[in-house]
Amino acid sequence: MSAAKVLVVDDDKMVRNIVYRALSDQYEVVAAENGLAGLEKAESEKPDFVLLDVEMPGMNGYEVCDKLKQNPLTYDTPILFLSSHGGLRERMQGYEMGASDYIVKPFETEELMAKLKLLSQFKLDREELSKRAQSASETAFMAMRGSSELGLAIQFIEATYDADNFESIAQRFFEVTTRI
């Protein structure tokens, strides 16, 4: 199994390098230096996670997060904000935009690793639930189809209960099956 891919979107090269050094042993790390480049890399690289700075020139992190959540290719990718803005208002805005978590810079590598591990487990759990839901849906459709076929068989038996010849049985068979 290949390593999960993390996209780091931050205009500060030093932060990108710190994150790369912190994660590169366990994750494949790709980086973008601004919001627009981050959007492009999110589509082309299909990362498992996005680490996103809030304050960047051009498009800020909240705008990037909003666009990622609106894009069918990236809407379910977990996003973690990495920002020096740690006030409640900024963090709440991040969650309102659809972020999974918010880490304040400077951050501890252990905290980042723990949050990525937790999000990995959430992602696996969501995929498993999705598979189970699909299986349940298929089972329900098979049961409905089976009960429909059983219903037709019961209708045919009821219709032929007083039939006394083959032609009468054949006629009633066609009557039952044409009601579908």
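If you line up the long axis of helix 166-177 against the longest principal axis of the chain, both from Cα atoms, how many degrees apart are they, to the nearest 10?
30 degrees
Take region 66-117, drop everything but the C-alpha atoms, weight them equally and run the Debye formula without solvent; then report log10 I(q)/I(0) at 0.15 Å⁻¹ to two decimals.
Here the Debye-derived log intensity ratios amount to -0.43.
For the chain, find the longest principal axis of its Cα atoms and tell me its angle to the long axis of helix 61-70, 0 to 90°, nearest 10.
Roughly 10 degrees, rounded to the nearest 10.
Given a 1.4 angstrom probe, I'd like the percentage of the accessible area of region 47-179 that is carbon and sulfur, rounded to a whole number.
The computed percentage sits at 57.
Short version: what are the Cα gyration tensor semi-axes of region 28-69, square root of 5 times each eigenvalue, largest first, in whole Å?
16, 10, 9
Loop-only chymotrypsin sites (Phe, Trp or Tyr not before Pro) in region 26-75, please: DSSP not H, G, I, E or B, and at most 14 other Cβ atoms within 10 Å.
Qualifying residues, ordered by number: 75.
Which of the GluC sites (Glu not before Pro) across region 83-126 are loop residues per DSSP, with 14 or fewer other Cβ within 10 Å?
Values: sites: 90, 96, 108, 110, 111; in loops: 108.
In loop regions of region 83-126 (DSSP not H, G, I, E or B), the sparsely surrounded GluC sites (Glu not before Pro) are 108.
Could you give the semi-axes, largest first, of the ellipsoid that matches the chain, computed as the square roots of 5 times the alpha carbon gyration tensor eigenvalues and rounded to whole Å?
Square roots of five times the eigenvalues give 58, 16, 14 Å.
Could you work out how far helix 13-23 tilts from the main Cα principal axis of the chain, as a 0 to 90 degree angle to the nearest 10?
60 degrees
How large is the accessible surface per residue of the chain, computed with a 1.4 Å probe and reported in Å² as a whole number?
Solvent-accessible surface per residue comes out at 64 Å².
How high is the relative contact order of the chain? Use alpha-carbon pairs under 8 Å, at least six apart in sequence, and give a whole percent.
Numbers: 211 pairs, mean separation 25.3, N = 180.
RCO, the chain: 14 percent.
The values are calculated or read from the model by the stated rules, or taken from the named source; none is laboratory data. Because the structure is a prediction, the values reported are computed rather than measured. For neighbour counting, all protein chains shown are included, and Cβ atoms are generated from backbone atoms with ideal geometry for every residue, glycine included. Remember, those area values only see protein heavy atoms, side chains included, never the ligands or the DNA or RNA. Shrake-Rupley method; radii C 1.70, N 1.55, O 1.52, S 1.80 Å.
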